[in-house]
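For reference, the structure discussed in these notes is given below.
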Amino acid sequence: MSESMKKPKLLILVPSGMPQAEAEALRTESQARLEKELGSSIECELSSHWWSAQFERAGSWDSWIWETVTGKSFNTRGPHFDGFVVCTEQLGKANAGIVGLALKQKRSVLACRNGLPFGAVRSVVVDDPDDWKNGWHVVVHEL
């Protein structure tokens with residue numbers, strides 16, 4: 001497939017420790033909603049799968065977050081992901097780090113929350129920096 005025909009690839013940010021079956025159902029549902037909304041097919045990867053494949057190579061949380069947002073594919077020389085998708089308003093530290101860095105880098109971050117309209121994530125707010133699983137939330141502008 002040529003670069004101009006490449007499907008956009010999005011990273012679906014799921015909470016750490018989410019059961020695999022639940023995460024996969026969330027990915028499937030989010031991908032279907034996004035494809036319907038965008039009117040084209042996309043490729044989606046779960047953050048849990050990306051973490052399993054890449055974290056050891058990165059060596060630290062900060063390096064993994066940096067590589068996730070700013071890194072490039074060796075094969076295509078394009079970014080690993082064309083955008084990022086949050087499915088919940090509350091985030092853990094790593095997902096908040098990805099969203100925050102993506103926004104600083106002017107990358108697309110979408111909100112695809114169950115039962116709510118699509119939105120563009122505008123910022124990440126720290127609620128409790130000691131709560132690594134739910135201590136951040138996103139501010140969303142509905143589309």
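The values are calculated or read from the model by the stated rules, or taken from the named source; none is laboratory data. Bear in mind that the values here come from a model prediction, so they are computed numbers and not experimental data. Note that we place each Cβ from the backbone using ideal geometry, even for glycine, and neighbour counts take in every protein chain shown.
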Next on the checklist: Which count do you get for residues in region 49-79 that are of a type outside the set (Val, Ile, Thr), touching a strand residue (DSSP E or B) at 6+ places or on another chain (Cβ under 9 Å) and surrounded by 12 or more Cβ atoms within 10 Å (Cβ to Cβ)?
Outcome noted: 4
Checklist entry - Within region 80-90, is there a residue that is surrounded by 14 or more Cβ atoms within 10 Å (Cβ to Cβ), acidic (Asp, Glu) and in contact (Cβ under 8 Å) with a residue 40 or more places away in the chain? => result yes
Checklist entry - Has region 86-95 got any residue that is aliphatic (A, V, I, L, M), at pLDDT 95 or above and in contact with a Phe, Trp or Tyr (Cβ under 7 Å, 6 or more places away or on another chain)? => result yes
Item to check | Every pair of residues 6+ apart whose Cβ atoms lie under 8 Å, when the first sits in region 34-53 and is without any contact (Cβ under 8 Å) to a residue 24 or more places away in the chain and closer than 25 Å to Glu142 by Cβ while the second is small (Gly, Ala, Ser) and loosely packed, with under 12 Cβ neighbours inside 10 Å | outcome: Glu35/Ser41
Checklist outcome for this item: Taking region 17-42 and keeping only residues that are in contact with a helix residue (DSSP H, G or I) (Cβ under 8 Å, 6 or more places away or on another chain) and not hydroxyl-bearing (Ser, Thr, Tyr), one is left with Met18, Gln20, Ala23, Ile42
